[in-house]
Amino acid sequence: MEGCLSVPGQYAEVIRAKAVKIQYLDENNMMQTLEGEGLLADCLQHEIDHLDGILFIDHLSAIKRKMLIQKAKKFIAQHKDDD
Ligand SMILES: [Zn+2]
């Protein structure tokens, strides 16, 4: 199950790779490699998707994505005064 602050209050099962190996530039502009599996692999894929403008709901069917967006709008309306 996956969720995101971009789609508040909504969760859905997303199929992801079980393990990933990524390369990135650190704060000193040095190439680094990171391998992860399980929750770390899920988080890395989720966050890299964000960098590409992709939300977890973009991995779902059109009908399920539309349903979650509608439910997120209701969730936002119900919680707009929660601060
Ligand atoms: Zn997210």
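Please name all residue pairs, on different chains or six or more residues apart, with Cβ atoms under 7 Å, provided the first residue is in region 20-37 and is more than 19 Å from ASP49 (Cα to Cα) and the second residue is among the hydrophobic types (A, V, I, L, M, F, W, C).
MET31/LEU25
Can you find even one residue in region 16-30 that is of a type in the set (Val, Ile, Thr), in a loop (DSSP other than H, G, I, E, B), modelled with pLDDT of 95 or more and crowded, with 16+ Cβ neighbours inside 10 Å?
no
Among the candidates ALA62, ALA12, which residue alone is free of Cβ contacts under 8 Å to residues at least 40 places away in the same chain and of a type in the set (A, V, I, L, M, F, W, C)?
Just one listed residue meets the conditions, ALA62.
Going through region 38-49 one residue at a time, which ones are surrounded by 10 or more Cβ atoms within 10 Å (Cβ to Cβ) and in contact (Cβ under 8 Å) with a residue 12 or more places away in the chain?
ALA41, ASP42, LEU44, GLN45, HIS46, ILE48
With the requirement that a residue be more than 12 Å from the ligand (Cβ to nearest atom) and within 15 Å of HIS46 (Cα to Cα), what does region 1-29 give you?
If the condition is that a residue be more than 12 Å from the ligand (Cβ to nearest atom) and within 15 Å of HIS46 (Cα to Cα), then MET1, ALA12, GLU13, ILE15, ARG16, ALA17, LYS18, ALA19, VAL20, LYS21, ILE22 are the ones that fit.
The values are calculated or read from the model by the stated rules, or taken from the named source; none is laboratory data. All of these numbers come straight from a predicted model, not from anything done at the bench. Cβ sites come from the backbone with ideal geometry, for glycine too, and all protein chains shown count toward neighbours.
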